[in-house]
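Here it is, the structure in full.
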Amino acid sequence: MKRSFIAMAISVMVGAAAVGCSSVDVQEPGTTGTEITQGTTEEVMQETSAEQATEETSEEHSTETASSVDSASDESSEADGEGASNDSKSEASDADASTSKAADDKKDKASADSEYDSEIDKLLETKATTPDNTDTLSEMARCVTLSYALSDKGVVFSEMDNNIKASLRLEILKTISMGDSALKGTATAQNNGSQITISEDDAKKLFADIYGEDNFTPDKREKVENGNLSVEFGDGESWKIVEHPQFFEDNNYILFTGPSVYGDNGGVESLVGYADILFKKNSGSKYGATLVYGRYRDANIKISSVETSSELAASKGKTYSGKNLTDGDYKTVWCEGAKGEGVGETITLKLDKKQLVSGIQICNGYTASYDLYNSNGVLTGVKVDFGNGKTKEDEIGGYANDNYTEEDLAESNLNVLELDEPVETDTITIKITGAKKGAKYDDTCVSEILVF
C-alpha cells in the first residue's frame with residue numbers, strides 16, 4: 001500500500017478488535033518494576049459467527065362488505081348497495097393480487113440469490129483458472145467495486161435500485177472513456193473531466209451487454225437530450241478495489257473473487273471483505289459474459305496460534321498476551337514487555353494450514369478508550385515477513401479524538417499491508433521497526449490483527 005495510515009470510514013464486516021496495554025492498568029503511580037514474560041505462545045480460540053435468517057411472512061386478509069336495503073320497494077337503493085359491495089370486493093381482490101405478486105417477486109429474488117450463492121460456493125471448491133477475456137472481466141468487476149454496488153446480502157445487478165445502477169453506469173462510462181479500455185469496443189464516450197457524454201443508443205447496448213439492463217431509465221444524475229446521455233461527476237470519491245483477484249470457471253459461469261480494500265484520496269484504507277462477482281457466459285454480449293450477481297464475503301484466514309517475543313505481565317485481572325490480537329474485542333490488547341518502546345519485538349502468526357495470503361490488517365494502539373489510546377505507545381512502522389522470501393515494510397499510522405467511541409478508535413487506526421502478489425504460506429512474522437511512546441507510558445500496544 002502506498003500509505004498505511006488508515007482511518008476506516010465505514011463499518012467493515014471484518015472483525016476488527018482492539019488491543020494494547022497500558023501501564024496505567026498495570027502499576028500504581030509511583031511504583032517501579034514491570035514483570036516481563038519472554039517468548040510467550042498463545043493458542044488462539046477464534047469464533048466464527050454467521051447470521052442465518054430466513055424469514056417468510058404471509059398475511060391473510062379478509063374483507064367483509066355489508067349492504068343493507070331498506071325495502072323491496074326501493075329497488076334503486078338496493079341496486080346501489082349491490083354496486084358498492086361489488087366495488088369493495090373488487091378493491092379487496094386487487095389488493096390481494098398486489099400483495100401476492102409482491103410476495104412472489106420476493107420469493108423469486110430469494111430463489112435467484114440462493115441459486116447464485118450456491119454457484120459461487122461450488123466454483124470456490126474448484127481450481128483457479130485464467131479466462132481468455134481476463135482483462136475485460138477485470139474491468140467489468142472493477143466498475144462494480146468502484147460503484148459500491150456490492151453488499152454482504154448479495155445483489156442481482158439487473159434488479160438493483162436505479163440510483164445504484166446509475167453509480168455502476170457512471171463507472172462503466174468512465175472506464176470506456178479511457179483510450180486503452182478493454183470495454184470500449186465501438187462505443188465512444190467523451191470525458192471532459194467533469195462530464196461524460198455518449199450516444200443514448202450506444203449506452204443502452206453497453207449497459208445491456210455488461211449487466212443485463214433491459215429497461216434503461218435515466219437517474220437524476222443522468223441527462224438524456226438530443227439522442228445523447230450525459231453524466232456529471234466529481235473528483236475525490238472514495239473507492240473499493242480488488243488488487244489480487246482469482247478466477248474460477250465452469251460451463252456456464254465465471255467467478256471473479258478477491259480481497260477488497262476501501263480507500264479514499266485522504267489516505268484512508270481498510271479491508272472490506274472478499275468480493276465475489278459472478279458472470280454468466282453470454283454469446284449475445286460482445287464481451288462474452290454478463291454481470292449477474294455479487295456479494296461481499298467474510299473470509300479472513302484462520303490464525304491458529306500467536307507467538308510474541310515479549311508481553312506485559314497480567315495485572316488486576318487483565319492480560320496483555322498475543323491471544324488478544326485475534327479475539328475480536330476492541331477492549332483487549334497485546335502489549336510488548338520489553339524495555340523502552342519495543343522496537344525489535346516480534347509477533348508470529350501461525351495459520352491453520354499453508355494457503356495463499358495477500359496481506360494483513362493491523363489495528364494500531366490501545367483502542368478501548370481515548371485516554372488509554374493517548375496514554376500508551378503506538379506503532380509507527382513494521383516489517384512483515386510472509387515467508388518464501390516475501391516481505392513488506394511500511395509505516396503504520398492512526399489517530400484519535402477525545403469524543404471517539406471504541407468503534408471509532410478502531411476504525412481510525414486500521415492499517416492494511418498488502419503484497420504485490422499473494423504468497424503461499426502458513427507463518428507470518430511482524431517485527432516492530434518504529435514506535436512512539438504515549439503521553440504517560442512507553443508500552444507499545446496493538447489491538448487486533450487479521451490475515452487475508
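No lab work stands behind these numbers, since they all come straight from the coordinates. It should be emphasised that the depicted structure is a prediction, and the values quoted were computed from it without experimental measurement. So basically every Cβ, Gly included, is an ideal-geometry build from the backbone, and we count neighbours across all protein chains shown.
Summing +1 for each Lys or Arg and -1 for each Asp or Glu, what net charge is found among the other residues whose Cβ lies under 13 Å from the Cβ of E341? The partial results should precede the final answer.
On the way: positive: K339, K436, K437; negative: E336, E345, D442, D443.
Neighbour charge sum, excluding E341 itself: -1.
Under 5 Å between amide H atoms, partner at least 5 residues away or on a different chain: which partners does F247 have, H built in plane at 1.01 Å?
Hits under the 5 Å cutoff: T129.
Where the Cα atoms of the stretch 156-203 are projected onto their three principal axes, how long is each span, largest first, in whole Å?
Result, largest extent first: 29, 22, 19 Å.
Considering Cα pairs under 8 angstrom that are at least six residues apart, work out the relative contact order of the stretch 134-297 and quote it in whole percent.
24 percent
How many Lys pairs in the stretch 379-441 lie less than 17 angstrom apart by Cα atoms, where the lysines are 8 or more positions apart or on different chains?
Step by step, the pairs that qualify in the stretch 379-441 add up to 5.
Also, I was wondering about something else. Quick one: grab the alpha carbon gyration tensor of the stretch 134-297, order the square roots of its eigenvalues as a ≥ b ≥ c, and give me rounded if a/c is under 1.5, else prolate or oblate depending on whether a/b is larger than b/c.
oblate
Moving to a separate point now. Could you give the nm distance between label points at T429 and T130, where each point is 7 Å from its Cα heading toward the beta carbon?
3.3 nm
While we're on this one: In whole Hz, what ³J(HN,Hα) sequence does the stretch 168-173 give by Karplus (6.51, -1.76, 1.60; θ = phi - 60°), x for Gly and Pro?
5, 4, 4, 5, 4, 5
Take peptides 209-216, 354-361, 365-372 and line them up by average Cβ neighbours within 10 Å, highest first, as a rough protection proxy.
365-372, 354-361, 209-216
Take K350 and S199, extend 7 Å from each Cα along the Cα→Cβ direction, and tell me the distance between the two endpoints in nm.
According to this spin-label approximation, the distance is 6.5 nm.
Order the peptides 310-323, 188-201 from the highest to the lowest mean number of other Cβ atoms within 10 Å of their residues.
Ranking, from highest mean packing down: 310-323, 188-201.
Can you give the relative contact order of the stretch 125-186 as a percent, counting alpha carbon pairs under 8 Å and 6+ residues apart?
Relative contact order, the stretch 125-186: 37 percent.
Along the stretch 329-338, what does the Karplus equation 6.51 cos²θ - 1.76 cosθ + 1.60 (θ = phi - 60°) give for ³J(HN,Hα), rounded to whole Hz, x for Gly and Pro?
Values per residue, Gly and Pro as x: 10, 4, 8, 9, 9, 9, 10, 5, x, 7 Hz.
HN-Hα J couplings of the stretch 145-162 from phi, Karplus 6.51/-1.76/1.60, θ = phi - 60°, integer Hz, Gly and Pro as x?
Values per residue, Gly and Pro as x: 5, 5, 8, 6, 6, 7, 8, 6, 8, x, 8, 8, 4, 6, 10, 5, 4, 5 Hz.
Non-local amide H neighbours of E345 (under 5 Å, H modeled in plane, Pro and chain starts lacking H): which ones?
I432
Can you list the equivalent-ellipsoid semi-axes of the stretch 294-349, largest first and in whole Å, using the square root of 5 times each Cα gyration tensor eigenvalue?
The equivalent ellipsoid of the stretch 294-349 has semi-axes of 26, 14, 10 Å.
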